[in-house]
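Some notes on the structure that comes next.
No lab work stands behind these numbers, since they all come straight from the coordinates. Computed from a prediction, not measured in an experiment: that's the story for all the values here. Note that each Cβ is placed from the backbone with ideal geometry, even for glycine, and that neighbours are counted across all protein chains shown.
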Amino acid sequence: MPLRIAMWSGPRNISTALMRSFGNRPDTAVCDEPLYAFYLAHRPIDHPGRDEVVAHGESDWRAVARFLTGPVPDGKAVFYQKHMAHHLLPEVGREWLADLVHAFLIRDPREMLLSLSRVMPEPSALDTGLPQQLELFHAIEHALEHRLGRPPPVIDARDVLEDPAGMLRALCTALALEFTPAMLAWAPGLRPTDGIWAKHWYGEVARSTGFERWRPRAGELTGRLAEVHEECRAPYRELFEHRLTA
């Protein structure tokens, strides 16, 4: 059976770099936010390139679920699926999730919001995906108790950037997957597997050839952003307590 990995993240994380990392494995196919068109088609949110995303994507979640649980592209042994947790709207059925192996990528909400507010001036806590990540984590944790006796793996973006090799080894071990050094570097540029929204969001990743060193993001959160940060701290801390270490 192929290994189908659902990596649940929030925006302005290192989710695309991590997709690059897995996409550089010779045994792995990747897909980029397959529920994004559905999400935009069902929520009145002004995202860059919204109409184009909806027009070119699959807006039926059932069709997306069939794709994610069906044959792996190119017959690969691993299917890495980059997801935004907030794209999994309440009206999406959950039964198909049992066919996937789940993992979570988190980031300090202060740093996420400082970055997100540059392209989305007034994000809410739900726009960060952190409350949805925690809810999904608990649901999957409960299901895994009966099968594996352990929660799904959680990795923190800062940990990955400070020690890419160590954290990717830990993640691969948690996923019962062999680590390969090919995950540490990749060629620059966009990919055919990138979403059509890449031109709006992936400028830095397109210039990258590997994980950049972590550096603190400058800036202050004021007004409504400070309030959103307070809402996000608790779910982030709870997920952080479960994070893998190298």
Scalar couplings 3J(HN,Hα) for region 76-88 by Karplus 6.51 cos²θ - 1.76 cosθ + 1.60 (θ = phi - 60°), nearest whole Hz, x for Gly and Pro, are 6, 7, 10, 10, 8, 10, 7, 10, 9, 4, 6, 6, 7
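Explain nothing, just the number: relative contact order of the chain, from Cα pairs under 8 Å at least 6 residues apart, as a whole percent. Each step should come with its number before you reach the end.
Numbers: 385 pairs, mean separation 68.7, N = 246.
Taking the mean separation of contacting Cα pairs over the length of the chain, I get 28 percent.
Counting other beta carbons within 10 Å of each residue's own, what order do Asp51, Asp156 fall into, fewest first?
Values: Asp51 9, Asp156 22.
Final ranking by Cβ density, sparse to dense: Asp51, Asp156.
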For region 143-246, what is the Kirkwood hydrodynamic radius in Å, using each pair of distinct C-alpha atoms?
-> 16.7 Å
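Fewest first, what order do Glu162, Glu241 take by the number of other Cβ atoms within 10 Å? Write out the running numbers ahead of the final one.
Working: Glu162 14, Glu241 8.
In order of increasing Cβ crowding within 10 Å: Glu241, Glu162.
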HN-Hα J couplings of region 188-198 from phi, Karplus 6.51/-1.76/1.60, θ = phi - 60°, integer Hz, Gly and Pro as x?
-> x, x, 7, 10, x, 7, 5, x, 5, 7, 4
Top of Pro26, Pro90, Pro153 by mean-square fluctuation, Gaussian network on the chain, Cα under 10 Å = Pro90
Starting with the fewest neighbours, write out Thr69, Thr28 ranked by other beta-carbon atoms found within 10 Å of each beta-carbon.
-> Thr69, Thr28
Can you list the residues, at least 5 places off or on another chain, whose amide H is less than 5 Å from the amide H of His102, using H built in the peptide plane?
-> Ala6
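If you wrap the chain's Cα atoms in a convex hull and average its projection over all directions, what's the area in nm²? Could you put the intermediate results ahead of the total?
Values: hull surface 49.8 nm².
Here the figure is 12.4 nm², rounded to one decimal.
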Value of [θ]222 nm, deg cm²/dmol, for the chain, DSSP H segments ≥ 4, -39500 (n - 2.57) each, nearest 500 = -11500 deg cm²/dmol
DSSP H helices in the chain with Cα extent of 18 Å or more along the helix axis and mean Kyte-Doolittle hydropathy at least -0.5?
-> 130-145
